[in-house]
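Written out below as structure tokens is the structure these notes cover.
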Amino acid sequence: MAVEIKSVRDGSIGAEMDIEAGDILLLINDQPVNDILDYQFYTQDDNLLLEVQKPDQEIWQLDIEKNYDEDLGLEFEGIVFDKMKACSNNCIFCFVNITGGSVNFLPFKGSAIYFLLLMYYR
């Protein structure tokens, strides 16, 4: 999943690497980035390989060395970059299985914890 970069903080690693608003983040270390949790997880490494698509469709591969706690300074429009997905794990402890049907405010099994985590990292 690719995600459009909404803004880049001045003075950040992303700004130093000439990443700009409107660029598309394609991959981090060959991994697709589906949501803000993926982004935060994959960017914890000290060495990153970012694949970024510029507005002219040119693909940049950016090799970044950073401290594990340094942020790239990239900001995105939302917290879920593709869309919420229905869980197909059929866990025995899932509230949907227990109730025998979907709960009105959470139409996807397992989405409660996932959504709460996403909101926390927003």
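The values are calculated or read from the model by the stated rules, or taken from the named source; none is laboratory data. This is a predicted model, so every value here is computed, not measured. All Cβ positions, even for glycine, are placed from backbone atoms using ideal geometry, and neighbour counts span all protein chains on display.
Regarding GLN44, is this residue over 20 Å from GLU77 (Cβ atoms) and in contact with a Phe, Trp or Tyr (Cβ under 6 Å, 6 or more places away or on another chain)?
Judged against the criteria, GLN44 is a match.
Considering only region 13-35, state which residues are closer than 16 Å to LYS66 by Cα and in a strand (DSSP E or B).
ILE28
Take the residues of region 36-50 that are assigned to a strand (DSSP E or B) and surrounded by 16 or more Cβ atoms within 10 Å (Cβ to Cβ): which is nearest to the chain's Cα centre (by Cα)?
Across region 36-50, the extreme among qualifying residues is LEU50.
What do you reckon, is GLN53 surrounded by 15 or more Cβ atoms within 10 Å (Cβ to Cβ) and either at pLDDT 95 or above or acidic (Asp, Glu) (or both)?
Spelling it out, GLN53 is indeed surrounded by 15 or more Cβ atoms within 10 Å (Cβ to Cβ) and either at pLDDT 95 or above or acidic (Asp, Glu) (or both).
So SER12 clears everything in (1) touching a Gly at 6+ places or on another chain (Cβ under 7 Å); (2) loosely packed, with under 14 Cβ neighbours inside 10 Å; (3) not aliphatic (A, V, I, L, M) except one condition, right? Which one?
With (1) touching a Gly at 6+ places or on another chain (Cβ under 7 Å); (2) loosely packed, with under 14 Cβ neighbours inside 10 Å; (3) not aliphatic (A, V, I, L, M) applied to SER12, the lone miss is (2).
Of the residues in region 27-49, how many are of a type in the set (A, V, I, L, M, F, W, C) and within 16 Å of LYS6 (Cβ to Cβ)?
The qualifying residues number 2.
Kindly indicate which of GLY78, GLY11, GLY73 is modelled with pLDDT of 80 or more, within 17 Å of the chain's Cα centre (by Cα) and among the small types (Gly, Ala, Ser).
Only one candidate qualifies: GLY73.
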